[in-house]
Amino acid sequence: MAGPLEQFEIKQIVHLPVGGLDLSFTNSALHMVAAIVLATGLLIYGMRGRAMVPGRLQSMAELLYEFVAGMVKENAGEKARPYFPFIFSLFVFVLFGNLLGLIPMAFTFTSHIIVTFALAMMVFLFVTILGFVRHGLHFLHLFLPEGTPWFIAWLVIPIEIISYFVRPVSLSVRLFANMLAGHTMLKVFAGFSVSLAGMGAVGLVGGLVPVAMNVALFGLEFLVAAIQAYVFALLSCVYLRDALELH
Amino acid sequence: MRIHSLKRWSVCAAVAVLAVGVVAVVDPAFAQDAAHAVGDAATGHGGEHHSGGLPQLNPASYASQIFWTFVTFGLLLWLMSKVALPRVGEVLEARQEKIANDLDKAGALKAEAEAVMQAYEKAITEARANAHKVIADSVAAADAEGARRNSELAADLAQRARAAEERIQAAQQAALGNVRTVSAEAAQAAVERLVGVSLGADMVGTTVDAVLKERA
C-alpha cells in the first residue's frame, strides 16, 4: 500500500538537463501547465460570447475577476491598479494548484515548499524593489512607524525588520503546510479504510467510518484550498500596499 | 544623523538577507543542507518511506520546480494581463456603461412621462373649468329666455283677458239693450191683447226702463 507521503513524490516525465541543472518536466510541472491552461481556458472560453447577460462560465470568469479586483482595491489601494494582473495571476495559480490537487491521483504543486517559497520570494522581491523604486531610501521608513518615540525605536526597528524578512517564509510555509497536512490526512484516513477492509467482514463495515470521515475532510480541504489561495493573494496585496503607500 | 546611519544599516541588512534568500533558492548544496536540517526536525521517523522523509525536502527536484513555476507563472501572467483580463474588463465596462445609459434613458423617459401627465392634468382641469363655464352660461341664458317668455306670455294673457272683458261688457250692453226692446215689445203686445189698448212706444219704453232700473 502507498504511504501517505507518496502522493508528494516528484516523478520525471521528460528528462531535461540544462547546463548541469536538472530542469526535467515532472508531474509537478505538468500540473502547473494544467492549472494555467484551465485558468486561461475558463477566462477566455468563458468570455467568448462577451454576453451582456452572462451565462454560467462567463459568470464564473466575471466573479473571479470582480472578486480579485475588489480585493486589490480594498487591500492594496487605488494605486495598485496596474498590479491587478499580477495579484490575479497569483490567486488563480495558487487556487487552481490547490483545487487540481483535490482530484484523486493528481499532484498538488502547492504542497511543495520550494514552489510556494519561489512564489513568495517573487512577491517579496517584487514588492521590495517596487518600494525602493517608488520611494528611494525613504522606503526604509517602513521599519520605523511614524510617531515612534526615539527610546523605543531601537526595539521597534529590529522587530519591524525581522517581521519584514519573515514575510516570504510565513507566506510560503502557510500555504505549503496547509496543503501538506490536508492531503496527508486524507491519505492516512484512506489508508485506514484499506487496512480495515483487509480484516474480513467486520473490517469491511468498519472501514466505512474513515470513508465518511474522508468525505467530511474533503469538504474541509475544498474550503482550505480556496481560503489559502485567498490568503496568499490577500497578503500579497497588503505587502503591495506597504510598498505603494509608505505610511 | 541617527536616521541616516539607520538607513545604511538597514540597507546592509536587507541586501544580506536577500542574498541569503537567493543563495538558498539557487544553490542546491546550500538548500540541501538547510533542507536536511529542517527535514530531520520535521520528520523524526521517515523509515517506512524509501526516500526517507518528505519528498518536499529532497532538493533534487528544486531546480526543475523553480524553473517550471516561473515559466508557467510567467506565461499565466502574460496571458492574463494581455489577453484574458482585458476581455473581462471590457465586457464588465460595457455592461456598466449600458446600465448607466439605460438608467439615464429611463430617467429621461420618466421625466417625459411626468411632463405629459402634468400637461394632461392641466388640460383636464381646463376642460372641466370650461365645461362648468359653458354649463353656467347655458343655464343663465335658459333662465333669461324663460323669464322673457314668461313675461311675454303674461303680457299676452293680460291683453287677451282685457279684450275678452271688453267683449263681454259689450255683449252685456247689447244683451241689456235687447232685453229692453224685447220687454217693451212684449209689454206692448201683452197690454194690447189684455186691454185692447195700443200703448205708445214712448210710454212703454219709459216704463220698461223704470222697471229695469228698479230691478237692477
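Remarks
- This ranking places A:193, B:183, A:111 by how few other beta-carbon atoms lie within 10 Å of each, fewest first, which gives B:183, A:193, A:111.
- Rounded to the nearest 20 debye, dipole of the range B:173-215 from Cβ charges on Lys, Arg, Asp, Glu: 120
- Residue among B:71, A:53, A:80 farthest towards the positive dipole end of the protein assembly as shown, charges placed on Cβ: B:71
- Largest GNM mean-square fluctuation across A:185, A:199, A:121, computed for chain A with C-alpha springs under 10 Å, falls on A:199.
- Average beta carbon contacts from partner chains per residue of A:34-42, 10 Å cutoff: 3
- Debye, to nearest 20: dipole size of chain A, +1 on Lys, Arg Cβ, -1 on Asp, Glu Cβ: 400
- Among residues other than residue A:239 with Cβ under 13 Å from its Cβ, the summed charge is 0 (Lys and Arg +1, Asp and Glu -1).
- Angle of helix A:113-135 to the longest C-alpha principal axis of chain A, folded into 0 to 90 degrees and rounded to 10: 10°.
- Top of A:187, A:11, A:73 by mean-square fluctuation, Gaussian network on chain A, Cα under 10 Å: A:11
- Placing +1 on the Cβ of every Lys and Arg and -1 on the Cβ of every Asp and Glu, with nothing else charged, gives the protein assembly as shown a dipole about its Cα centre of roughly 740 debye.
- The local environment of residue B:183, defined by Cβ-Cβ distances under 11 Å, has a net charge of 0 under the rule Lys, Arg +1 and Asp, Glu -1.
- Area projected by the alpha carbon convex hull of the range A:6-244, averaged over all directions, nm²: 19.3
- Each of B:176, B:203, B:191 was placed along the dipole of the range B:173-215 (beta-carbon charges, centred on the mean Cα), and the one lying farthest toward the positive end is B:176.
- The ranking of A:96, A:86, A:109 from fewest to most other beta carbons within 10 Å of each one's beta carbon is A:86, A:96, A:109.
- Take the Cα of residue A:226, step 7 Å toward its Cβ, do the same at residue A:238, and the gap between the two points is 2.1 nm.
- GNM top mover of A:232, A:192, A:139 - chain A, alpha-carbon springs below 10 Å: A:192
- FRET efficiency, 1/(1 + (r/R0)^6) with R0 56 Å, evaluated for residue A:212 and residue A:138 via beta carbons: 0.45
- Ranked by how many other Cβ atoms sit within 10 Å of their own Cβ, fewest first, the residues A:183, A:15, A:141, A:112 fall in the order A:15, A:141, A:183, A:112.
- The calculated FRET efficiency for the pair residue A:174 and residue B:109, based on their C-beta separation and a Förster distance of 51 Å, comes to about 0.40.
- Take the Cα of residue B:157, go 7 Å toward its beta carbon, and the backbone nitrogen atoms of the range B:105-149 under 18 Å from that spot belong to B:145-149.
- Panel values: the protein assembly as shown, Kirkwood radius from alpha carbon pairs, Stokes-Einstein at 20 °C and 1.002 mPa s, translational diffusion coefficient 68 µm²/s.
- The label point for residue B:138 and the one for residue B:201, both projected 7 Å from the Cα toward the Cβ, are 7.3 nm apart.
- Intensity falloff of the range B:173-215 expressed as log10 I(q)/I(0), Debye formula with alpha-carbon point scatterers, at q = 0.20, 0.24, 0.31 Å⁻¹: -0.58, -0.79, -1.08
- Amide H contacts of residue A:16 (H built 1.01 Å from N, in plane; Pro and chain starts excluded): A:23, A:24, A:25 sit under 5 Å, all sequence-distant by 5 or more or on other chains.
- Rounded tilt (10° steps) of A:56-76 against the dominant C-alpha axis of chain A: 40
- Taken along the Cα-to-beta-carbon direction at a fixed 7 Å, the label points for residue B:210 and residue B:71 span 17.5 nm.
- Between the helical axis of A:208-244 and the longest alpha-carbon principal axis of chain A there is an angle of about 10 degrees.
- In the range A:6-244, taking the dipole from charged Cβ atoms about the Cα centre, the farthest positive-side position among A:69, A:164, A:139 is held by A:69.
Where a number appears in this text, it was derived from the coordinates with a stated rule and is not lab data. Fair warning: this is a prediction, and the values are worked out from it, not measured in the lab. Here Cβ is always computed from backbone atoms with ideal geometry, including for glycine, and neighbour counts include all displayed protein chains.
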